[in-house]
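The values are calculated or read from the model by the stated rules, or taken from the named source; none is laboratory data. From a predicted model like this one, the values you see are computed outputs, not experimental measurements. All Cβ positions, even for glycine, are placed from backbone atoms using ideal geometry, and neighbour counts span all protein chains on display.
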Amino acid sequence: MRKIFGFLLLITIISACEKDDFCTQNPVTPKLIIRFYDATDISNTKTADELYVWSGTKDSIFENVSTDSLVIPLNSNTNQTIYNLSKGDIVEQFTIDYTPANEYVSRSCGYKIIFNDVSFTTDNSWITDFTQVETTIDNQTAAHVQVFH
């Protein structure tokens, strides 16, 4: 009798698990992707040399890198994140305003944060211009803003 009860209990536990009980989607709160372009030929990417990136009192996210793109996180607890981008001795303040929202993924995965109504401002010191590509940041597959320098 115990063996039958144990077997029935095991079958009940196994059959209670649904496919949705395992998170296979890897719901990631997306980061902001900045792509750097040549200001004189806007169709070509251009490496930003000696680049330092930090936000507020936090340590540098990037230190003395040469890159044509950045992937940086946004603060989901506020409506604004301000980054300082230093190229050589010139510091650019890059402000990102947005409305964070929870997006339900599944019962097992839970929620991820997406950023709606995204807008950018800068003090235009070494960045000559920028083009906003997306107003909603909900993935990390392509650049959200193009920066010309």
Quick check on segment 68-81. Is at least one of its residues under 26 Å from Ala39 (Cα atoms), polar (S, T, N, Q) and part of a loop (DSSP other than H, G, I, E, B)?
no
Assess whether Glu63 counts as being loosely packed, with under 15 Cβ neighbours inside 10 Å and either touching a residue at least 60 places away in the same chain (Cβ under 8 Å) or in contact with a Ser or Thr (Cβ under 8 Å, 6 or more places away or on another chain) (or both).
no
Filter segment 36-60 down to residues that are within 16 Å of Asn84 (Cβ to Cβ) and small (Gly, Ala, Ser) and give me whichever is surrounded by the fewest Cβ atoms within 10 Å (Cβ to Cβ).
Gly56
Over segment 131-145, the set of residues over 10 Å from the mean Cα position of the chain (by Cα), surrounded by 13 or more Cβ atoms within 10 Å (Cβ to Cβ) and not in a loop (DSSP other than H, G, I, E, B) is Thr131, Val145
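Only one of Ile114, Ile42 is at pLDDT 90 or above, assigned to a loop (DSSP other than H, G, I, E, B), among the hydrophobic types (A, V, I, L, M, F, W, C) and in contact with a strand residue (DSSP E or B) (Cβ under 9 Å, 6 or more places away or on another chain); which?
Result of the check over Ile114, Ile42: Ile42.
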